[in-house]
Ligand code: CFM
């Protein structure tokens, strides 16, 4: 069901007026009669409001850098920052050489009070030395947590010295948690360093095989990347590197040789995609491997880009075979799901990407949003010139990139590239809003209060979100599906992923559990008080 502007106003009315004014700009009811609906995004959360956002450290170490499996990732900071980013995101990795897969380790300098007082550089140096001696990683990352920036430890100097001592790359990331307004700042910091120090450090001049691609913004959560790889490799693509799910420092060094970059998660990695185009002349194609139609469209767009008869034929053959295999299975789940409604609120790309998959099951996404996306992820990249930088966004350095003197080369004539841009999303992302129908609600950086109120009003059948709100929602009697870590399941990408998702969501609906839950408001009064002679107490 849709909501009216009056109902929305009634929710906002409960806030102090300044907060109401702020939050109003972050919530839209889609109105197709309006040419452009502006949404405010990537700005500070009002202090005191409970939101789902993370920090810059989480975006850098936890999201972009952490999945590189042949590196040791050192968290320079208190143990809590390391512990709570250890294994929870479910970015999987395997390696032909098990001695070069450190994904399950958690390494930290475990800063204590004395380190805060006297500085933590010596301790960091010692940890690097121990790590090299014990693990012999291909490279090391150091991610700074809040106190490191506050006390002024020079992690870049420590990294430079360690590189000289050990002869392996040591990358320092100044991703203190407080930088920027969310984890989005950390993505940007990570992107800059990986482009500057890693991509292009490899010796390869040419791709070792035809149809060489990189997959950007795919983190192999629950094995998504493996399902995508299964399909792409069967069609005949050569995957140079995945950034960064099941990826490695070794592979990333040669990412410059690819003929095309695919962008799955635009938010976390669009900076690298853009910079690779400027530096090496590699265009990027926006893909969405979530949902059956999303997968099919992405495969066909890739085939259009390469324009090769054999590749196109193989693409169609794989699509036909996979559809014939999974459609009968999907049918049985559709019977359970059809006619239901969903809220889909995830970080910076899945709030959009999962809507197609829900629709294929007959589930209508009535509310969607992002924790930390920017306006272009909602409204499309054409509005980027209109985004006014503020003090927080100016805090994150913009890398200035130029065409590489030796390695820049056009992948095709600029005329052909322009022609292609008319038919496939090359170096462009149209955002989430355009695909949402009239009356659908779009919320940026939703909080606990708004979640509660909108659930009461719109009564979704399923809530797709994260761990922080999952249990509150379930106690309201509504199945909640984590679309960050996929709970304990996955993969959800590609053809097999669609089947897994359909099964898990159907189990959520069919579970008898919900009959045993009595939400508190069913057997307790919402307000208690006594009426006395003076009035209500
Ligand atoms: Fe990209 Fe992600 Fe997402 Fe993200 Fe994330 Fe994630 Fe996410 Mo959680 S990189 S923006 S910072 S798709 S960890 S794998 S699920 S919030 S929607």
Please specify each residue of region 120-149 satisfying the condition of being loosely packed, with under 14 Cβ neighbours inside 10 Å and in contact (Cβ under 8 Å) with a residue 12 or more places away in the chain. 129, 136
Checking the structure you have, find out if any residue of region 318-336 is within 16 Å of the ligand (Cβ to nearest atom) and either surrounded by 17 or more Cβ atoms within 10 Å (Cβ to Cβ) or under 30 Å from residue 209 (Cα atoms) (or both). no
Look through 26, 73 and report the one residue that is surrounded by 14 or more Cβ atoms within 10 Å (Cβ to Cβ), within 23 Å of the chain's Cα centre (by Cα) and away from the ligand (no atom under 16 Å from the Cβ). 26
Just to be sure, is residue 110 in a loop (DSSP other than H, G, I, E, B) and over 23 Å from the mean Cα position of the chain (by Cα)? yes
Considering each of 493, 502 in turn, give the residue that is in contact with a strand residue (DSSP E or B) (Cβ under 6 Å, 6 or more places away or on another chain) and either within 15 Å of the ligand (Cβ to nearest atom) or touching a residue at least 12 places away in the same chain (Cβ under 8 Å) (or both). 493
Of the residues in region 79-90, those that are away from the ligand (no atom under 14 Å from the Cβ) and crowded, with 19+ Cβ neighbours inside 10 Å come to 81, 82
Of the residues in region 166-194, those that are surrounded by fewer than 23 Cβ atoms within 10 Å (Cβ to Cβ) and part of a helix (DSSP H, G or I) come to 166, 192, 193
For region 478-488, what are the residues that are away from the ligand (no atom under 14 Å from the Cβ) and closer than 30 Å to residue 457 by Cβ? 478, 479, 480
Within region 290-307, how many residues turn out to be closer than 17 Å to residue 426 by Cβ and not in a helix (DSSP H, G or I)? 1
Residue 251: passes all of (1) in a helix (DSSP H, G or I); (2) buried (at least 24 other Cβ atoms within 10 Å of the Cβ) but (2)
Close pairs (6 angstrom Cβ cut-off, 6 or more residues apart or separate chains): within 26 Å of residue 36 (Cα to Cα) in region 386-405, at pLDDT below 95 anywhere: 392/180
Restricting to region 351-380, count the residues that are touching a helix residue (DSSP H, G or I) at 6+ places or on another chain (Cβ under 8 Å) and more than 16 Å from the ligand (Cβ to nearest atom). 8
Any idea which of (1) under 16 Å from the mean Cα position of the chain (by Cα); (2) in contact (Cβ under 8 Å) with a residue 40 or more places away in the chain is the one residue 85 doesn't satisfy? (2)
Count of region 208-227 residues which are more than 13 Å from the ligand (Cβ to nearest atom) and either closer than 17 Å to residue 272 by Cβ or in contact (Cβ under 8 Å) with a residue 60 or more places away in the chain (or both): 6
Being within 15 Å of the ligand (Cβ to nearest atom) and modelled with pLDDT under 95 is the filter here; which residues of region 34-53 pass it? 51, 52
Identify the residue in region 473-489 that is on the phi < 0 side of the Ramachandran plot and part of a loop (DSSP other than H, G, I, E, B) and, among all such residues, is surrounded by the fewest Cβ atoms within 10 Å (Cβ to Cβ). 488
Can you tell me which residue is farthest from the ligand (Cβ to nearest atom) among those in region 56-70 that are closer than 13 Å to residue 190 by Cβ and either in contact with a strand residue (DSSP E or B) (Cβ under 8 Å, 6 or more places away or on another chain) or part of a loop (DSSP other than H, G, I, E, B) (or both)? 68
When region 178-207 is checked residue by residue, the ones that are away from the ligand (no atom under 14 Å from the Cβ) and under 21 Å from residue 147 (Cβ atoms) are 178, 179, 193
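The values are calculated or read from the model by the stated rules, or taken from the named source; none is laboratory data. Keep in mind that this is a model prediction, so the values were computed, not measured. Note that each Cβ is placed from the backbone with ideal geometry, even for glycine, and that neighbours are counted across all protein chains shown.
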